[in-house]
Amino acid sequence: MGGVRLLALEACAVTKGRAGVRLWTMVGLLGLLGVAAAAQGQITPLGRGKGKAAAVATAPAERVHVSVAVNKPQARPGDQLALAVVLDFAPGWHAWTNPPIVPDYLGGDFQAIPTQIDVEKTPGVERIGPVQWPEPHEVPFLGGVLRALSGRSVAYVPLMLSQDAAPGTLTIPVTVRYQACDDKQCLAPTTHTLQATIELLPQGTPIEQRGDADLFAGFDVTVFQKMLSGELREDRPPVRFNAFGLAFEIDPDGVGFVLLLLVAALGGALLNLTPCVLPVIPIKVMGLARSAGDPRRTLLLGAVMALGVVAFWMAIGAAIAFVAGFDAINALFQRPWFTIVVGVVIAAMGLGMLGLFTVQLPRAVYMFNPSHETVPGSFLFGVMTAVLATPCTAPFMGSAAAWATTQQPTTTLATFAAIGLGMALPYFILSASPRLVDRIPKAGPAGELVKQTMGLLMFAVAAFFVGVGLSAKLAAPPAPPSRAYWWVTAVFVVAAFAWLAFRTWRLTNRRGLRLATTAMAVAALAGAPWAAATLTDRGPIDWVYYTPERFQEALQRGDVVVMDFTAEWCLNCKALETAVLHHPKVVETLRRKGVTPIRVDITAGDPASTTMLRSLGSTTIPLLAVFGPGAAEPILYDSYTVEMVLQAVAQAAGEAQTAAVPAVGAAGARS
């Protein structure tokens with residue numbers, strides 16, 4: 001029975017810090033059509049990579065040797081099979097059971113990290129059963145004896161293949177996490193990601209290859225009957241949410257799935273308040289204002305725009321479900337060419353807002369600036385609005401989307417449809433209430449001035465996206481990309497408000513309007529350069545830029561690791577960095593001895609960085625992960641305050657015998 005389990009509710013006020021780039025500088029932010037969702041990878045229902053039937057990995061100094069094998073290297077759609085995860089320990093070494101068996105002599109507060117096995121539910125796999133753990137052995141530890149995994153320990157994971165799985169190669173990623181200990185100490189936890197490969201044959205084809213019968217002698221085949229009868233349900237862990245101190249989890253089965261969709265829709269609605277989407281709303285308001293005299297027409301255009309928003313999110317869900325290698329909402333913006341194209345299209349739309357399309361240009365040019373007063377134009381505007389939302393993550397949306405990427409296609413599509421419906425709802429409500437927009441200037445010099453100002457601001461946005469794309473192209477990870485494009489963006493912001501003030505003085509004698517636009521121009525003249533200087537400054541934190549080796553070195557030293565996932569196109573990340581991470585209290589904490597701040601920049605889609613993000617069960621940013629001796633698992637936030645960061649660092653620095661281990665997203669069999 002699904003449901004919601006409330007874990008914690010903290011009344012955390014959002015800390016006031018230095019304001020990053022004020023979002024009004026991004027008025028006019030607009031995006032590209034929902035194209036190239038399958039920019040890389042081939043469409044296949046069978047998985048996302050290649051591997052071997054038996055994969056191996058070895059811990060440092062040969063303490064633990066990990067391998068994965070399958071009892072049916074060749075199988076047919078609908079077959080039942082088993083994976084064997086083999087841990088071969090060197091003499092004197094062991095790992096904790098799951099759950100850990102902690103003897104009384106170690107004390108009740110001893111933090112033991114369980115061995116965990118995660119099998120990704122790739123397309124072609126219908127169900128994954130619970131892990132069958134081996135019997136533990138008695139081993140010496142800290143002057144006593146405990147029961148743990150040692151010697152050769154073999155765990156089994158039952159799998160059922162889909163009846164409609166297409167013949168070909170099925171690759172199944174398997175993640176194994178454990179903490180190796182001898183009789184006196186425990187090392188930092190280790191994570192191995194291996195792959196098992198199955199050759200899927202057409203129905204009726206004879207099986208020629210068999211697995212190692214001796215290796216699978218301990219597998220309990222009765223588990224399949226229990227799974228089919230419903231006695232054992234698929235092991236699906238709860239979906240965890242945490243935003244600004246509100247932490248809860250939802251069981252995705254039964255009524256819990258409905259609740260999960262409602263939370264996803266809430267996250268989609270909150271997307272409209274993020275820096276990526278908020279500037280688009282005034283542009284749409286202007287479009288609706290032109291038809292405010294005809295309520296039916298206004299409602300139709302609003303509904304069609306909402307349909308465009310939902311259609312794009314459904315397309316993203318389909319790409320994640322069926323396109324190999326596409327497993328993140330912001331995957332498009334991790335490709336520099338796509339970001340550059342977004343900037344070019346926004347610039348073309350800016351030209352249209354300035355009225356430069358009134359001259360005779362090729363008809364194809366007008367495709368970049370479809371009229372809001374037409375049904376096709378409203379639909380495309382909805383698609384563009386949704387495209388622009390992909391670099392940002394709203395509270396609750398990131399967790400729901402990350403979970404959906406690991407599920408069956410129908411579940412993935414339903415979750416992303418809920419996100420789209422939530423995001424589209426405010427626009428539909430706005431179109432159903434034309435009185436909210438009927439005071440916007442519709443024509444004449446005032447209306448043209450508003451359009452021209454927005455056109456110049458769209459040039460600022462275009463400079464931002466083109467600059468991000470070029471910076472990503474020229475960057476050499478793990479070194480961060482350049483941020484010089486913020487100065488070009490600032491120039492266009494100043495020009496927009498200066499033009500607004502200048503033309504207002506020419507068009508009207510109303511003192512209030514003159515003073516208001518002049519004040520805006522002065523604010524832009526002072527604020528835009530300040531914002532550019534702030535955003536091009538690397539800040540007061542001496543970040544270590546991520547590589548797997550640097551991360552492991554920090555863990556081996558026993559440091560608290562504060563890992564910030566960011567990208568140049570992520571405006572949410574910029575706002576949190578300025579308001580929270582640059583707060584004096586946080587800076588002081590991150591500069592302490594024994595604390596290592598690590599920055600993971602995924603602007604250019606660096607494989608090592610994106611792999612680390614996925615290993616934490618996330619596909620969206622911003623994300624802050626805190627590791628340390630006092631945390632059995634990493635502390636994860638996609639939205640956070642100063643107090644939350646300070647508390648997480650304090651918790652991770654607690655006295656304990658163990659270090660934290662990265663969590664893997666909810667998918668497949670979990671120990």
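The values are calculated or read from the model by the stated rules, or taken from the named source; none is laboratory data. Here the structure is a predicted model, which is why all the values come from computation and not from measurement. Methodologically, a virtual Cβ is constructed for each residue, glycine included, from the backbone with ideal geometry; neighbour enumeration extends over all protein chains shown.
Within region 561-575, can one find any residue that is crowded, with 22+ Cβ neighbours inside 10 Å, among the β-branched types (V, I, T) and farther than 19 Å from V645 by Cα? Looking for residues that are crowded, with 22+ Cβ neighbours inside 10 Å, among the β-branched types (V, I, T) and farther than 19 Å from V645 by Cα, one finds none in region 561-575, hence no.
Confirm whether A472 is surrounded by 24 or more Cβ atoms within 10 Å (Cβ to Cβ) and in contact with a helix residue (DSSP H, G or I) (Cβ under 7 Å, 6 or more places away or on another chain). Yes; evaluated as a whole, the condition is true for this residue.
Flag not set for T596, criterion: crowded, with 21+ Cβ neighbours inside 10 Å and either free of Cβ contacts under 8 Å to residues at least 40 places away in the same chain or assigned to a loop (DSSP other than H, G, I, E, B) (or both). The residue that is nearest to Q74 (Cα to Cα), among those in region 166-200 that are over 28 Å from the mean Cα position of the chain (by Cα) and not in a strand (DSSP E or B), is P167.
Applying the criterion of being of a type in the set (G, A, S), surrounded by 15 or more Cβ atoms within 10 Å (Cβ to Cβ) and at pLDDT below 80 to the residues of region 223-261, the residue that is nearest to the chain's Cα centre (by Cα) is A243.
Across region 597-612, not a single residue is classified as touching a Cys at 6+ places or on another chain (Cβ under 9 Å) and modelled with pLDDT of 90 or more.
Between A625, A653, A648, the distinction of being surrounded by fewer than 22 Cβ atoms within 10 Å (Cβ to Cβ) and among the small types (G, A, S) belongs to A653 only.
Taking the condition more than 30 Å from F224 (Cβ to Cβ) and assigned by TED's automatic domain parsing to the domain that holds L142, does P103 pass? When the stated conditions are applied, P103 passes them. Flag: Q111 matches the condition of being of a type in the set (S, T, N, Q) and at pLDDT below 90. Residue under question is G594, and the condition is that it be on the phi > 0 side of the Ramachandran plot and under 13 Å from the mean Cα position of the chain (by Cα); does it hold? Answer is no for this residue. Per the listing P158, P130, P114, the residue uniquely in contact with a helix residue (DSSP H, G or I) (Cβ under 7 Å, 6 or more places away or on another chain) and in contact (Cβ under 8 Å) with a residue 24 or more places away in the chain is P158. Across region 207-222, the number of residues qualifying as within 15 Å of V131 (Cα to Cα) and exposed (fewer than 13 other Cβ atoms within 10 Å of the Cβ) comes to 3.
What about A532, is it in contact with a helix residue (DSSP H, G or I) (Cβ under 7 Å, 6 or more places away or on another chain), farther than 23 Å from R591 by Cα and loosely packed, with under 14 Cβ neighbours inside 10 Å? So A532 does not fit the description; no.
Condition test on A165, is it touching a Gly at 6+ places or on another chain (Cβ under 6 Å), small (G, A, S), crowded, with 17+ Cβ neighbours inside 10 Å and more than 17 Å from I101 (Cβ to Cβ)? Here the answer is yes, as A165 does meet what is asked.
Yes or no: region 58-77 includes at least one residue that is modelled with pLDDT of 85 or more, touching a Pro at 6+ places or on another chain (Cβ under 6 Å) and assigned by TED's automatic domain parsing to the domain that holds Y156. No, every residue in region 58-77 fails to be modelled with pLDDT of 85 or more, touching a Pro at 6+ places or on another chain (Cβ under 6 Å) and assigned by TED's automatic domain parsing to the domain that holds Y156.
Every condition in (1) modelled with pLDDT of 70 or more; (2) surrounded by 18 or more Cβ atoms within 10 Å (Cβ to Cβ); (3) outside the structural domain of F428 (by TED's automatic domain parsing) is met by V341 except one, and the failing one is (3).
Is it true that K121 is outside the structural domain of A404 (by TED's automatic domain parsing), free of Cβ contacts under 8 Å to residues at least 60 places away in the same chain and of a type in the set (K, R)? Taking the combined requirement at face value, the residue does not satisfy it. Would you confirm whether any residue within region 129-141 is buried (at least 20 other Cβ atoms within 10 Å of the Cβ) and closer than 27 Å to G211 by Cβ? The answer is yes, given that some residue of region 129-141 is buried (at least 20 other Cβ atoms within 10 Å of the Cβ) and closer than 27 Å to G211 by Cβ.
Are any residues in region 626-657 under 18 Å from R177 (Cβ atoms), among the charged types (D, E, K, R) and not in a loop (DSSP other than H, G, I, E, B), and if so, which ones? Residues satisfying the conditions do not exist here. Please pick out the residue among T619, T589, T596 that is in contact with a helix residue (DSSP H, G or I) (Cβ under 8 Å, 6 or more places away or on another chain) and under 28 Å from Y485 (Cα atoms). After applying the criteria, what remains is T619. For region 459-507, residues that are hydroxyl-bearing (S, T, Y) and either at positive phi or in contact (Cβ under 8 Å) with a residue 60 or more places away in the chain (or both) total 2.
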